[in-house]
Amino acid sequence: PVLRAIRIAELILTSPSPLALADICRAVALPKPTVFRILATLEAAGVVGREPGSKRYHCGGRVSRMAGAILLNSPARAGRRAILEELVEQVGETCNLTVPNGHSVMLLERVETAWPLRIVLGAGSTAPMHVSASGKLFLAHLPPRARERFLRQCPLVRHTQKTITDPREFAAELERVRGQGFAGDDEEHLQGIGCLAVPVRDPEGRVVAAIAMHTLISRMCLDEAMQFLPTLQAAADAMAETLDW
């Protein structure tokens, strides 16, 4: 029974989109009552979740938290920090590494600039997806169904006057992000703070993390920060080598 549960959980957790009960049954070659019973146990444990009003299953919040904890305590953390330290030396601004965590973005590592005015955040801190440059990257590269589910389930709460709160406008923003390959936060989360983020991809090209550069708008606007895109992308390529696939 335990091995069956692991097999079903692994199938759901590695799927790029939520799976229907019938699809799971076919994939694991088990009868529907057996699969349904295992799914009920996994759902109660928070390992998998189910779309409201449907029988499609996706990764649960407990697994997202566990995955984040594993990355936070990984032996590769020193290497990740070294990459960010070098990046900060090159761009002169605070940089961080983030991963998706449920409906939030979680900070795995952050290296502060030497400037006296800065916002100090520790590893494990989270931010809403819709106001984060990294979060926009993660959402933009979700399968369309998952992206639509986010827009249905998660209100676009206003944090500043520049926060995008209209679902149609935000959907258009995600399309732009997907097409251009990077994302910006122009004072959408915190007034006076801008951010530029690029994706970290796994060997199959999936966006699994992001490297972001934060700056005070009074010191450097996003248009000026664009000069560092190649530097950020090179750091993202190096960072991909530190993550366990």
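The values are calculated or read from the model by the stated rules, or taken from the named source; none is laboratory data. If you're wondering where the values come from, they're calculated on a predicted model, not measured in any experiment. In this analysis, Cβ positions are derived from the backbone assuming ideal geometry, glycine residues included, and neighbour counts consider all displayed protein chains. Quick note on the areas: whole protein, heavy atoms, side chains included, nothing else; ligands and nucleic acids left out. Shrake-Rupley method; radii C 1.70, N 1.55, O 1.52, S 1.80 Å.
Note on Ala20 and Thr165: the model spin-label points, each 7 Å out from Cα along the C-beta direction, lie 3.8 nm apart.
Over the chain, dividing the summed -39,500 (n - 2.57) contributions of all DSSP H runs of at least 4 residues by the number of residues returns a 222 nm mean residue ellipticity of -13500 deg cm²/dmol.
Rank these residues by their accessible area, most exposed first, probe 1.4 Å: Cys221, Cys95. Don't skip to the end; give the middle numbers.
Values: Cys221 45, Cys95 0 Å².
Ranking Cys221, Cys95 by accessible area, largest first, yields Cys221, Cys95.
Around the Cα centre of the range 108-213, unit charges on the Cβ atoms of Lys, Arg, Asp and Glu (plus for the first two, minus for the last two) sum to a dipole of about 280 debye.
Applying 1/(1 + (r/R0)^6) with r as the Cβ-Cβ distance of Val2 and Ala234 and R0 = 45 angstrom yields a FRET efficiency of 0.55. Electrostatic bookkeeping for Thr34 treats Lys and Arg as +1 and Asp and Glu as -1; over the other residues with beta carbon under 12 Å from its beta carbon, the sum is +4.
Annotation: per residue accessible area for the chain equals 51 Å², rounded to a whole number [probe 1.4 Å, protein chains only].
Projecting the Cα positions of Ile12, Gly181, Asn101 onto the charge dipole of the chain (unit charges on Cβ atoms of Lys, Arg, Asp and Glu, taken about the Cα centre) puts Ile12 furthest along the positive direction.
Would you mind working out the magnitude of the charge dipole of the chain relative to its Cα centre, with +1 at each Lys and Arg C-beta and -1 at each Asp and Glu C-beta, to the nearest 20 Debye?
Numbers: 28 positive and 26 negative charges, 293 e Å.
Around 1400 debye, computed over the chain.
In this structure Glu112 has an accessible area near 40 Å², from a 1.4 Å probe over the protein heavy atoms. In terms of packing, defined here as the mean over residues of other Cβ atoms within 10 angstrom, the peptides 178-188, 25-35 line up highest first as 178-188, 25-35. Cross-link partners of Lys55 among aspartates and glutamates, defined as those whose alpha carbon lies under 16 angstrom from its own and excluding same-chain residues fewer than eight positions apart: Asp23, Glu43.
Bridging of Lys136 to lysines at a Cα separation below 26 Å is possible for Lys162, once same-chain residues fewer than 8 apart are set aside.
The accessible area of Ser104, taken with all protein chains in place and a 1.4 Å probe, comes to roughly 30 Å². Taking all protein chains together and a 1.4 Å probe, the residues Ser218, Ser15 rank Ser218, Ser15 from largest to smallest accessible area.
Rounded to the nearest percent, how much of the accessible area of the range 115-220 (1.4 Å probe, protein heavy atoms only) is carbon and sulfur?
On the way: 2740 of 5230 Å².
Carbon and sulfur: 52 percent of the exposed surface of the range 115-220.
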